[in-house]
Amino acid sequence: MSTQKRLQLKGPNPISIPRCLPLPTPLQNSIQGLCDVERLKFLGHGSEGIVYKVLQRKSCSYYALKVVHRKAGSTEKIMREVEIMKKIHSSRIVQFEGAFEEGGNINFLLEYMDGGSLHSLLKLNKRMAVSFLARVARHVLEGLEYLQSENIVHRDIKPSNLLINLNPLQIKIADFGVSTIVSELACDIYNSSAGTCAYMSPERLNPYIYDGAPYDDYYYGGDIWSLGVTLMECYVGHHPFLPPDQNIDLATLMCAICFEDSPTLPPAASTEFYNFIECCLKKDVRRRGTASQLLNHPFIVNNMAKEKFL
Ligand code: ATP
Ligand code: MG
C-alpha cells in the first residue's frame, strides 16, 4: 500500500451529543386497521415480511406498511422490535408510526422512503458516485451515533436496510428486527447471532476471536464494519470479500471475513475514501473507528464542505 494512503484517524472526538436532530415523538397514528389505508403498490419483500406503499385515507399521507406473518413463538421478538422502534426518534432513522395486528399478521406502519434502498440501486447497476457514498456514510454514521447514545446496536446494516429519501436527499437506517439494547444483550437468546452473515464483522462471526475474551465493550463496532462493507460494495459493485460475479457461498465468505485480510479499495480511489474504508474494516474491533471518530474523518468533513456549495 502506498504511504499516501496512510491517513490517521482523528480522535478522540470532542463532540459527545448526537449530531442529527431528534425528531418530535410521532403523533400516535390514528391508523387502527387495514381499512384506514389504501394499498397502492408492492415495494419489496424480505425474509420476514412484505412491504407495500399505502395511503392513509384520513390524512392523505403516504406510508410504508410492512406486513410480518406472526409465527408461533415470534411474539416476543416482534414486541422487542416494537419497543426499540418506539424509543427511536431521529432524522437519520426511518420513523416508526405504529403497529397493529390483523389477520394473523403484524402490520408495521413506517415513514415512506421514495428512493428505494441502496440494494435496489445496486440491482440497477447504478455506479454510485463517491460524493453520494460520502453522504450515505455521514447520514448512517449520524444515525449510528444517535443509536449508540440510546445504547442500541442495529446489527443488520446492509444495502437493503439503508433507504433513500429523494427530496431532500437523505439516507436513513431501517429495519430493527434484530437490533438490541446493549444492556439486554446477555439475555438476547432470540437474536444473539442474528443479522446477515455477509455483512457481519469478524468478532460477531467469532466472538471469542480475542484470546477467548468476548468483545463486550465493542458491540457498536459491528455496525461500523457492516457500513464499511456496504460502502465498498456500492463502490466496486460486488461484495468486497468475493470476486465479481461469484454467488454468495456463506461458508467461504465467513472464512474470508474471519481469516483473510480485509479488502481495500482499488488504487484509483481517493486517499481519503481509501483510508476511511480501512478504518471501518479494521479486523480488530478495538482499533476500528467509532461513529463519532469517523464523522470527523476527512472523507466526511471535506465532502460535507463541498455539499454546502451545491
Ligand atoms: P431482510 O429480510 O433481510 O430485512 P430486506 O431488508 O430486503 O430483507 P424488508 O426490510 O422487509 O426486507 O424490506 C423489503 C424492501 O422493502 C426493502 O429492501 C425496501 O426496498 C422496501 N422498504 C422497506 N421499508 C421501506 C420504507 N419504509 N419505505 C420504502 N420502501 C421500503
Ligand atoms: Mg430489511
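Each value in this text was obtained by applying a stated rule to the coordinates, not by laboratory testing. Predicted, not measured: the structure shown is a model, and the values here were computed from it. Positions of Cβ are backbone-derived with ideal geometry, glycine not excepted, and every protein chain shown enters the neighbour counts.
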Seminar exercise, completed: In nanometres, the difference between 0.36 nm per residue of separation and the alpha-carbon distance of N247 and L169 is 24.9 nm
For this session: Would you please give the FRET efficiency between L55 and D261, computed as 1/(1 + (r/R0)^6) with r the Cβ-Cβ distance and R0 = 41 Å, to the nearest 0.05?
Result: 0.25
Seminar exercise, completed: If each part is reduced to its alpha-carbon centroid, segment 223-280 and segment 41-98 end up apart, in Å, by 30
Exercise. Roughly speaking, what is the stretch gain from D114 to M79, that is 0.36 nm per residue apart minus the C-alpha to C-alpha distance, in nm to one decimal?
Worked result: 9.9 nm
Problem set entry | Separation of the L124 and V236 label points, Cα + 7 Å toward Cβ, nm | 2.4
Seminar exercise, completed: Taking 134-140, 268-274 and ranking on average Cβ neighbours within 10 Å, highest first, one gets 134-140, 268-274
Problem set entry | Simple label model, 7 Å out from Cα along Cβ direction - R287 to M304, nm | 2.7
For this session: Determine the gain in length on full extension of the stretch S47-Y62; use 0.36 nm per residue of separation and subtract their C-alpha separation, reporting nm with one decimal.
Result: 3.0 nm
Exercise. What list do you get for D114, D36 if you sort them by fewest beta carbons within 10 Å?
Worked result: D114, D36
